[in-house]
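K.L.:
Following this message is one structure expressed as structure tokens.
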Amino acid sequence: MTKVKTAITYIILIVASFLSAFPLYYMICGATNSSIAIVRGKLVPGTYLLENYRSLIANQNLGRAIFNSFRNAIVITVVALLICSIAGYGFEIYHDKGKDLLMNILLLAMMLPFVAIMIPLFKMFSSWKMVNTWIALALPSISTPFLIMMFRQAARSFPHDIIEASRLEGLSEIKIFFTMFLPVMKSTYGAAMTVTFMNAWNNYLWPTIILQDSNQITMPMLVANLKSGYSVDYGMLMLGVLICTLPTAIIFLCLQKSFANGIAGAVK
């Protein structure tokens, strides 16, 4: 009976793995086939990759989109990690009733979908003459309640005796944060970096609204452009989606261990 249950479990896991991996496989096959072959349902890799790439760079500014996406994602990730980690550390180490109330308000803000604050944000940046600027794109993303909560939860497991001992040694609060707290929380930073980079890279709605210059195009915006028009070249579209997917997939695969440990530590 135990062997039967084990066999059933493995069968379910194999089917679930296949269903999860099939869209990625289909996307790779589509990137190497012509549009006609994709419409006909061809499910094996083809030899049309170079033609799709030539069509893509001929119709879209691929290099500019990749550069803009990497610039946005890297800078937003670095700044967000710095600001949110300091905020989460401060909320926990120097907490009082006022800070707890402010943290509860921030957590309530997590329940608001971005579309609810999108129009007020656009009006605010428009009144400040900041439409079509990189600062307007980055500001809403560099401090999020989720990251602050993650670092606050991580700070709860940080030994306070180390902080007290460092203060007795004469270290400033800034040095304590950067020399004591930051190195210990590598897994939390890895998880936060994965989440922030993926969100910044895949962000489509806000860049489409706030950036009105074609030179500011990002990869999600480029992929959306490939779907416009009277006819869609599915091979070129699949290649664009594949290129857009690769950076986030590589980041996740490289940091998946830190991501799992960081999320588990934040939950604790």
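K.L.:
Karplus couplings for region 3-18 from phi (6.51 cos²θ - 1.76 cosθ + 1.60, θ = phi - 60°), rounded to Hz, Gly and Pro as x?
P.N.:
So the Karplus estimates, Gly and Pro as x, are 5, 5, 4, 5, 5, 4, 4, 5, 4, 4, 5, 5, 5, 5, 5, 5 Hz.
K.L.:
What is the spin-label model distance, in nm, from Phe122 to Tyr10 if the labels are put 7 Å beyond Cα along the C-beta direction?
P.N.:
Taking the two extended label points, one gets 5.5 nm.
K.L.:
Might you work out the accessible area of Lys5 for me, using a 1.4 Å probe with all protein chains in place, and round it to the nearest 10 Å²?
P.N.:
About 120 Å², rounded to the nearest 10.
K.L.:
Can I ask one more? How do Thr77, Thr208 rank by accessible surface area computed with a 1.4 Å probe, from largest to smallest?
P.N.:
Thr208, Thr77
K.L.:
Dipole of the chain (Lys/Arg Cβ +1, Asp/Glu Cβ -1, origin at the Cα centre): which of Ala192, Ile36, Gly240 lies farthest to the positive side?
P.N.:
So the residue furthest toward the plus end is Ile36.
K.L.:
Taking square-rooted eigenvalues a ≥ b ≥ c of the alpha carbon gyration tensor, is region 16-92 rounded, prolate or oblate, where a/c under 1.5 means rounded and, failing that, a/b exceeding b/c means prolate?
P.N.:
Oblate, because a/c is 1.5 or more while a/b does not exceed b/c.
K.L.:
Using a 1.4 Å probe on the protein chains only, how many percent of the accessible area of region 129-268 belongs to carbon and sulfur?
P.N.:
The computed percentage sits at 63.
K.L.:
A further question follows. Given a cut-off of 30 Å, name the pairs among Lys186/Lys227; Lys175/Lys257; Lys97/Lys175; Lys129/Lys175; Lys99/Lys175 whose C-alpha atoms lie farther apart than that in the structure shown.
P.N.:
Correct reply: Lys186/Lys227; Lys129/Lys175.
K.L.:
Hey, how much of the P(r) for the chain falls beyond 31 Å, as a percent of Cα pairs?
P.N.:
The answer is 44 percent, as a whole percent.
K.L.:
Now, a different point. Roughly how much of Lys186 is accessible, in Å² to the nearest 10, using a 1.4 Å probe?
P.N.:
Only protein atoms counted, so the area is about 150 Å².
K.L.:
Using Cα atoms only, what is the angle between the long axis of helix 186-202 and the major principal axis of the chain, expressed in degrees (0 to 90) to the nearest 10?
P.N.:
40
K.L.:
Using the Cα centre of the chain as the reference point, and only Cβ charges (+1 on K/R, -1 on D/E), how large is the resulting charge dipole? Debye, rounded to the nearest 20.
P.N.:
On the way: 19 positive and 10 negative charges, 106 e Å.
Rounded to the nearest 20 debye, it is 500 debye.
K.L.:
Once you have a ≥ b ≥ c as the square roots of the Cα gyration tensor eigenvalues for region 196-238, tell me rounded if a/c is under 1.5, and otherwise prolate or oblate according to whether a/b is larger than b/c.
P.N.:
oblate
K.L.:
Rounded if a/c is under 1.5, else prolate if a/b is larger than b/c, else oblate: which is region 48-94, with a ≥ b ≥ c the root eigenvalues of its Cα gyration tensor?
P.N.:
It comes out prolate by the Cα gyration axes.
K.L.:
Hey, another quick one. On the Cα set of region 119-218, report Rg and Dmax in Å, please.
P.N.:
Cα-based Rg and Dmax for region 119-218 come out at 18.6, 55 Å.
K.L.:
Per residue, what accessible area does the chain have, given a 1.4 Å probe and all protein chains present, in Å²?
P.N.:
On the way: 15770 Å² over 268 residues.
Averaged over the residues of the chain, the accessible area is 59 Å².
K.L.:
With labels modelled as points extended 7 Å from the Cα through the Cβ direction, what inter-label distance (nm, one decimal) is found for Ser157 paired with Asp213?
P.N.:
Distance between label points: 4.4 nm.
K.L.:
In whole Å, what three semi-axes, largest first, describe the equivalent ellipsoid of region 37-142 built from its Cα gyration tensor (square root of 5 times each eigenvalue)?
P.N.:
Whole-Å semi-axes of the equivalent ellipsoid: 41, 19, 16.
The values are calculated or read from the model by the stated rules, or taken from the named source; none is laboratory data. Quick caveat: nothing in here was measured; it's all calculated off a predicted structure. Quick reminder, even Gly has a Cβ in these numbers, built from the backbone with ideal geometry, and neighbours come from all protein chains shown. Protein only, heavy atoms only, side chains kept; ligands, DNA and RNA dropped before computing areas. Shrake-Rupley method; radii C 1.70, N 1.55, O 1.52, S 1.80 Å.
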